[in-house]
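The structure that follows is given in the form of structure tokens.
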Amino acid sequence: MTTLLYVTAHPFDTDTNSLTVSSQFIKTYREANPNDTIVHLDLYRADIPQIDADLLKRWGQPPSGPSFDELNSEAKAKAVRMRELVEQFVAADKIVIANPVWNFLFPPVLKAYLDAVVVPGMTFKQADNGLRGLAGLVGTATGKKVVHIQASGSVLSHGRYQELNFSDSYLRAVMQLLGIEDFQSIYVEGVVEHRDQAQEIKDRAAQQAIELAKRF
């Protein structure tokens, strides 16, 4: 059975540009793939541990760091949750990530999530020819697919602000590190820069989401 992991990074739960378009994507995908499993991970309402002293010590592991049994209860809970997140990510066949752009980057909770799933030995490893993905990523039995839905007040995909498109370019780079080469983007962009065209911009992005969801 195919599993789609739907990751949202917005403090609101509805009526935002990124969530409106991503919800349309999920609705269309569900209609086209009624037997697939869709798992929604709302980062603002989930337990997403940040890298702190406890987790950094855990990353060391024996012989340089403490064993799991030596951790205190709080550190153990963080380590367990981090493993749950990475296992959920690895188990997904397809991933949809939706976020707004704030100050040219995505919300910090999304960075915390990426830190949780980019784990040496679980999602990538060192190899003779550099870094490569593991466990269901490209180069193994199956390859994951990612769609990134990004909303921004300015146009970032091209034009004068293109070099500031850190959010999408960072996500793309991280997924490439993990061996995921099938990465597609939907931009809901320029709704502030071009207020008179805001509805047209949203409608165009929603239509793009519908068309992509049908074949994703």
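Compute the label zone of Asn103 within the range 154-168: residues whose backbone N is under 13 Å from the point 7 Å along Cα-to-Cβ.
Within reach of a label on Asn103, which here means backbone N under 13 Å from a point 7 Å along Cα→Cβ, the range 154-168 contributes nothing.
Return the FRET efficiency for the residue pair Leu56, Gln184: r is the Cβ-Cβ distance, R0 is 41 Å, and the value is rounded to the nearest 0.05.
Computed FRET efficiency for Leu56 and Gln184: 0.75.
How much length is gained on full extension from Arg81 to Ser169, taking 0.36 nm per residue of separation minus their Cα-Cα distance?
Working: separation 88, 0.36 × 88 = 31.68 nm, distance 2.71 nm.
Extra length available between Arg81 and Ser169 comes to 29.0 nm.
If you don't mind, there's one more thing I want to ask. Please list, ordered by chain and number, the residues whose modelled amide H lies under 5 Å from the amide H of Ile38; skip anything fewer than 5 residues away on the same chain.
Here the answer is Leu4, since their amide H atoms fall under 5 Å of that of Ile38.
List nothing, just return the count: lysine pairs in the range 3-215, 8 or more apart or interchain, with Cα separation under 12 Å. Can you show the working numbers first?
On the way: Lys27/Lys214; Lys57/Lys76; Lys57/Lys78; Lys94/Lys144; Lys94/Lys145.
Lysine pairs, 8 or more places apart or on different chains, close enough: 5.
What is the distance, in nm, between label points placed 7 Å from the Cα along the Cα-to-Cβ direction at Gln197 and at Thr14?
Placing both labels 7 Å beyond Cα along the Cβ direction yields 3.0 nm.
Give me, ordered by chain and number, the residues 5 or more places off Glu189 or on other chains with an amide H under 5 Å from its own placed amide H.
Under 5 Å from the amide H of Glu189 lie the amide H atoms of Ser152, each far enough along the sequence or on another chain.
Only the coordinates and a few stated rules stand behind these numbers; no lab work does. In this text, all values refer to a predicted model and were calculated from it rather than measured experimentally. Cβ coordinates were reconstructed from backbone atoms using ideal geometry, including for glycine residues, and neighbour counts include every protein chain displayed.
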